1. Could you grab me the full set of residues in the stretch 280-297 that are under 13 Å from residue 251 (Cβ atoms) and either touching a Gly at 6+ places or on another chain (Cβ under 8 Å) or loosely packed, with under 15 Cβ neighbours inside 10 Å (or both)?
2. Check the stretch 190-204 and report whether any residue there is among the hydrophobic types (A, V, I, L, M, F, W, C) and within 16 Å of the chain's Cα centre (by Cα).
3. If I ask for residues that are closer than 17 Å to residue 236 by Cβ and basic (Lys, Arg), which ones from the stretch 153-197 would you list?
4. Of the residues that sit in the stretch 201-236 and are of a type in the set (Val, Ile, Thr) and over 20 Å from residue 121 (Cβ atoms), which one is surrounded by the most Cβ atoms within 10 Å (Cβ to Cβ)?
5. Select from the stretch 80-109 the residues that are of a type outside the set (Gly, Ala, Ser), in contact with a strand residue (DSSP E or B) (Cβ under 9 Å, 6 or more places away or on another chain) and either over 22 Å from residue 9 (Cα atoms) or not in a loop (DSSP other than H, G, I, E, B) (or both) and list them in ascending order.
6. So, in the stretch 1-56, how many residues would count as being among the β-branched types (Val, Ile, Thr), in a loop (DSSP other than H, G, I, E, B) and either within 15 Å of the chain's Cα centre (by Cα) or within 25 Å of residue 108 (Cβ to Cβ) (or both)?
7. Return the only residue of 155, 198 being assigned to a loop (DSSP other than H, G, I, E, B) and free of Cβ contacts under 8 Å to residues at least 12 places away in the same chain.
Amino acid sequence: MKVNICGIEFKNPVIAASGTYGFGKEYSEFYDVGELGGISTKGLTINKKEGNEGIRIHETSSGILNSVGLQNPGIESFINEELPEMMKMNTVIMANIGGGTLEDYLQAVDKINKTDVDMIELNISCPNVKDGGMAFGIKSKVAYEVVSKVRSICKKPLIVKLSPNAEDIVDMAVKCQEAGADSISLVNTFKGMAIDIKTKKPVFNNVTAGLSGPAIKPIALRMVYEVCKEVSIPVIGMGGITTWKDAVEFIMAGAHAIQVGTANFMNPYAALEIVQGIKEYMNKEGIKDLSEIRGII
């Protein structure tokens with residue numbers, strides 16, 4: 001079940017997605033998080049962020065809308081207080097970095113460079129902050145400029161996380177590869193909204209929010225498949241993965257690894273069960289290495 005991404009070995013292809021797993025300690029109360037291939041931290045910004053006001057999570061058919069707003073303790077606090085404990089978890093640690101400006105990204109990457117974090121996941125895709133985030137992940141030219149400048153100072157393997165709301169997600173992935181990305185992860189949430197018919201107002205203060213969960217899986221799977229056909233760097237797939245069967249589909253579509261997000265809220269054991277399910281499937285099918293089925297479609 002081992003996979004190698006950018007020279008980093010994962011014990012299995014299952015990674016806890018950013019924003020749904022905190023820094024791992026809450027889930028450690030349920031099981032040994034070292035059983036996972038990796039953990040992507042909450043989205044980290046240079047300064048502490050309290051996140052968006054008002055309702056942050058709203059259930060919808062087969063999914064949720066979220067407008068958390070990158071609430072996080074800030075890079076310095078993460079490095080001093082959270083990272084030491086994460087490094088004891090015996091799994092790959094990916095620092096997910098967000099920002100409102102290019103300078104924010106560069107400062108954050110510079111600080112993470114000096115830590116023992118294994119990889120950096122550059123979030124140019126977050127749809128619930130007013131500036132930055134998805135603003136960098138819509139146009140390929142803008143993304144190219146951001147990624148190339150981050151690449152010039154980044155000393156760790158660089159994963160770029162893409163938004164499904166990009167004008168052309170395949171072109172976006174190709175441009176990020178050309179700019180120096182070592183890996184691509186996709187997709188983040190789709191831009192959506194909800195209206196409260198009693199108050200006759202949007203549910204969220206920011207009006208729109210990010211849709212995730214099983215509802216987006218078929219579209220996410222299609223996007224991962226299309227991107228895998230056009231890039232030569234490893235792809236990490238995500239978007240509505242709830243079961244081991246979902247995970248296997250993404251691997252068959254070409255993904256080297258997968259991330260589990262919303263499913264963690266539905267079932268705290270979801271990621272672990274996906275690891276176990278993939279292992280059982282491989283044994284049953286006589287698959288000795290995931291490369292045998294990766295990109296088989």
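1. Of all residues in the stretch 280-297, those under 13 Å from residue 251 (Cβ atoms) come to 281-282, 285, 287, 289-297.
Within the stretch 280-297, 285, 289, 291, 292, 294, 295, 296, 297 qualify.
2. yes
3. The answer is 156, 161.
4. Ranking the qualifying residues of the stretch 201-236, first place goes to 203.
5. Result: 83, 86, 92, 93, 94, 96, 97, 104, 105, 109.
6. At the first step, the residues of the stretch 1-56 found to be among the β-branched types (Val, Ile, Thr) are 3, 5, 8, 14-15, 20, 33, 39, 41, 45-46, 55.
Those left that are additionally in a loop (DSSP other than H, G, I, E, B): 20, 41, 45-46, 55.
Filter once more, so that each one left must be either within 15 Å of the chain's Cα centre (by Cα) or within 25 Å of residue 108 (Cβ to Cβ) (or both): 20, 41, 45-46.
Going through the stretch 1-56 one residue at a time, the tally reaches 4.
7. Numbers: 155 fails: free of Cβ contacts under 8 Å to residues at least 12 places away in the same chain.
Result: 198 is the single residue among 155, 198 that is assigned to a loop (DSSP other than H, G, I, E, B) and free of Cβ contacts under 8 Å to residues at least 12 places away in the same chain.
Residue by residue, here is whether (1) exposed (fewer than 15 other Cβ atoms within 10 Å of the Cβ); (2) farther than 27 Å from residue 211 by Cβ holds:
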residue	(1), (2)
49	no, no
61	yes, no
69	no, no
87	yes, yes
117	no, yes
124	no, no
144	no, no
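The values are calculated or read from the model by the stated rules, or taken from the named source; none is laboratory data. Note that the structure is predicted; figures quoted are calculated from it, not measured. Methodologically, a virtual Cβ is constructed for each residue, glycine included, from the backbone with ideal geometry; neighbour enumeration extends over all protein chains shown.
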